[in-house]
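The values are calculated or read from the model by the stated rules, or taken from the named source; none is laboratory data. Computed from a predicted structure; not experimentally measured. Reconstructed Cβ throughout: ideal geometry from the backbone, glycine too, with neighbour counts over all protein chains shown.
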Protein chains: 2
Amino acid sequence: MTELLQSGEFERRLRQIGEERYHSRHPFHQRLHEGKLNKGQVQAWVLNRFYYQRSIPLKDAGLMSRAEDPAFRREWINRIIDHDGPAGGEGGIERWLILAEGVGLDRGYVQSLSGLLPATRFAVDAYVRFVRERSLLEAVASSLTELFAPDLHKTRIAALLENYDFANDRTLAYFKKRLDQAPRDVRFGLNYVMSEARTRDQQEAALAAVRFKTDVLWAQLDALYFAYVEPGFIPPGAFVPDDRR
Amino acid sequence: MTELLQSGEFERRLRQIGEERYHSRHPFHQRLHEGKLNKGQVQAWVLNRFYYQRSIPLKDAGLMSRAEDPAFRREWINRIIDHDGPAGGEGGIERWLILAEGVGLDRGYVQSLSGLLPATRFAVDAYVRFVRERSLLEAVASSLTELFAPDLHKTRIAALLENYDFANDRTLAYFKKRLDQAPRDVRFGLNYVMSEARTRDQQEAALAAVRFKTDVLWAQLDALYFAYVEPGFIPPGAFVPDDRR
């Protein structure tokens, strides 16, 4: 590789990945936010995205299992507590299940993971594995898509409230909460990556990790679009909305 | 394998492993508790055991990274918080460092891990890897040596107070705290193993996991005894006490 990027340029390239590749640009999300998805399509999104949500603590525990600095772990552990909740009936996974019930899905069916698109599993599992196996720097870098999440969540909250009956403070609590949590998390992650990427190779590896993560997010929406929007080929065994039965 | 063990018999066999194989029986610990170790030998023990202590959160995060039930994770996460502390300057690792300073070791030297016996690393790393790679049942079972720890810790606190100048409430805080923490942890772990080992093969795997863990603990003391007691062959690069220089 060539010379080390100045920190301003390195951060600019990190953020540019969001502009070019973040899943806010995906046609499935655009339809969602324009109110153009029907109930079954929204259900398919919530159902499949649940697999991502429930896998996040496994991902973060895998990352922590290789973080040798207690101070780092004391910071990162908050992500697990945010998702699992400090007690039953709390936390991000629970808030996602409330959204699932709000769009008319059965909680037990969602938790059973039985209606998932295989491509959802492949993409999410690839992310969990990436974080477990790659360098800690790459693992942390792969979380930096959170740089781009608050804008998406703000847009989403407004768009869902405007366009869908199911949307209210209770069903959208997951996204509202993330508006507070994501900036705190990403500040720590960004500082870590900026200071730990000390060679150009490491900077490039961090950039590649963010691109990898955008692929993980994008691929989930491709699969949803293909199965539930157009051409609408639902794979054997995956969730079938009422209007497609 | 033959038929399932009744739960009483299964628990009896789990506990019997402690009686036969727990490191409370090791000659190094017996000398420690009889006040027969000199300062350098105590330092070697504290220094090497630090590697075990600082690896425990990595082990527990690795276990959590494969625990799919949020309720399980909400329980297990307390072990990480116990060791890392809710904030800097707290927690079991910090309490161990206070013990290290109390026996006259430099905190930075201990944290550098540079004076460890290689056998300490091999044994502890084998434990971390076991927990990451084996079934969740075996991983949890390997923590059940905590069934035997409170008795050892009680004996140790009394014996150290009686025999060593460095021993006081502050330096022994690690062991005192574990008297409260270990019973809570082990109750959860024991219930998990008793209910999740549903076949004789699983029961035998759980018993083997506890035996494996006793090997991990025993091997650390063998290495200490060999290097610092008898014959006293310190491996190249390992900690050399002042009286051996």
Fill in the blank from the handout: Subset of the range B:184-199, residues acidic (Asp, Glu) and more than 18 Å from the chain's Cα centre (by Cα), comes to B:196
Fill in the blank from the handout: Going through the range A:8-24 in order, the residues found to be assigned to a helix (DSSP H, G or I) and surrounded by 13 or more Cβ atoms within 10 Å (Cβ to Cβ) are A:10, A:11, A:13, A:14, A:15, A:17, A:18, A:21, A:23, A:24
Practice task
Could you tell me whether any residue of the range A:129-143 is surrounded by fewer than 21 Cβ atoms within 10 Å (Cβ to Cβ) and outside any helix (DSSP H, G or I)?
Solution key: yes
Practice task
Using the structure shown, decide if residue A:186 is touching a residue at least 60 places away in the same chain (Cβ under 8 Å) and surrounded by 17 or more Cβ atoms within 10 Å (Cβ to Cβ).
Solution key: no
Handout entry: Residue ID - farthest from the other protein chains (Cβ to nearest Cβ), chosen from residues in the range A:62-75 that are among the charged types (D, E, K, R) and over 15 Å from residue B:81 (Cβ atoms)
Key = A:69
Practice task
Please name all residue pairs, on different chains or six or more residues apart, with Cβ atoms under 6 Å, provided the first residue is in the range B:225-245 and is of a type in the set (Val, Ile, Thr) and the second residue is crowded, with 17+ Cβ neighbours inside 10 Å.
Solution key: B:234/B:227
Exercise for the section: Being among the small types (Gly, Ala, Ser) and either part of a loop (DSSP other than H, G, I, E, B) or in contact (Cβ under 8 Å) with a residue 40 or more places away in the chain (or both) is the filter; apply it to the range A:189-218 and report the residue that is farthest from residue A:100 (Cα to Cα). Expected result: A:197
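For the range A:98-119, name all the residues that are in a loop (DSSP other than H, G, I, E, B) and of a type in the set (Val, Ile, Thr).
Within the range A:98-119, just A:103 meets the criteria.
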Problem - Search result, residues across the range A:168-183 that are without any contact (Cβ under 8 Å) to a residue 24 or more places away in the chain and not aromatic (Phe, Trp, Tyr) - result: A:169, A:176, A:180
Practice task
Answer yes or no as to whether residue B:146 is more than 26 Å from residue B:36 (Cβ to Cβ) and more than 14 Å from chain A (Cβ to nearest Cβ).
Solution key: yes
Handout entry: When residues of the range A:28-37 are limited to those that are loosely packed, with under 15 Cβ neighbours inside 10 Å and not basic (Lys, Arg), the one nearest to residue A:244 (Cα to Cα)
Key = A:35
Exercise for the section: Give just the number: which of (1) within 14 Å of another protein chain (Cβ to nearest Cβ); (2) of a type in the set (Phe, Trp, Tyr); (3) buried (at least 21 other Cβ atoms within 10 Å of the Cβ) does residue A:51 not satisfy? Expected result: (3)
Handout entry: Unique match (being surrounded by fewer than 14 Cβ atoms within 10 Å (Cβ to Cβ), acidic (Asp, Glu), part of a helix (DSSP H, G or I) and touching a residue at least 24 places away in the same chain (Cβ under 8 Å)) among A:162, A:146
Key = A:162
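This table checks each residue for (1) under 30 Å from residue A:166 (Cα atoms); (2) basic (Lys, Arg); (3) surrounded by fewer than 14 Cβ atoms within 10 Å (Cβ to Cβ).
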{"position": "A:6", "(1), (2), (3)": "no, no, yes"}
{"position": "A:26", "(1), (2), (3)": "yes, no, no"}
{"position": "A:45", "(1), (2), (3)": "yes, no, no"}
{"position": "A:56", "(1), (2), (3)": "yes, no, no"}
{"position": "A:65", "(1), (2), (3)": "no, no, no"}
{"position": "A:82", "(1), (2), (3)": "yes, no, no"}
{"position": "A:90", "(1), (2), (3)": "yes, no, no"}
{"position": "A:106", "(1), (2), (3)": "yes, no, yes"}
Handout entry: Residue satisfying condition, being at pLDDT 95 or above, within 19 Å of residue B:138 (Cα to Cα) and touching a Gly at 6+ places or on another chain (Cβ under 9 Å), within set B:188, B:148, B:239
Key = B:148
Practice task
Taking residue B:59 as meeting all but one of (1) more than 8 Å from chain A (Cβ to nearest Cβ); (2) under 16 Å from the mean Cα position of the chain (by Cα), write down the number of the exception.
Solution key: (1)
Handout entry: In the range A:231-245, the residues that are in contact with a helix residue (DSSP H, G or I) (Cβ under 9 Å, 6 or more places away or on another chain), in a loop (DSSP other than H, G, I, E, B) and of a type outside the set (Phe, Trp, Tyr)
Key = A:232, A:234, A:235, A:237, A:238, A:240, A:241
Practice task
Within the range A:76-97, identify whether any single residue is in a helix (DSSP H, G or I), more than 7 Å from chain B (Cβ to nearest Cβ), over 15 Å from residue A:177 (Cα atoms) and more than 14 Å from the chain's Cα centre (by Cα), and answer yes or no.
Solution key: yes
Exercise for the section: Could you please find all residues in the range A:42-75 being within 15 Å of residue B:64 (Cα to Cα), in a helix (DSSP H, G or I), of a type in the set (A, V, I, L, M) and touching a Pro at 6+ places or on another chain (Cβ under 9 Å)? Expected result: A:64
Fill in the blank from the handout: Residues in the range A:189-203 that are out of contact with any Ser or Thr (no Cβ under 8 Å at 6 or more places or on another chain) and surrounded by fewer than 16 Cβ atoms within 10 Å (Cβ to Cβ) total 6
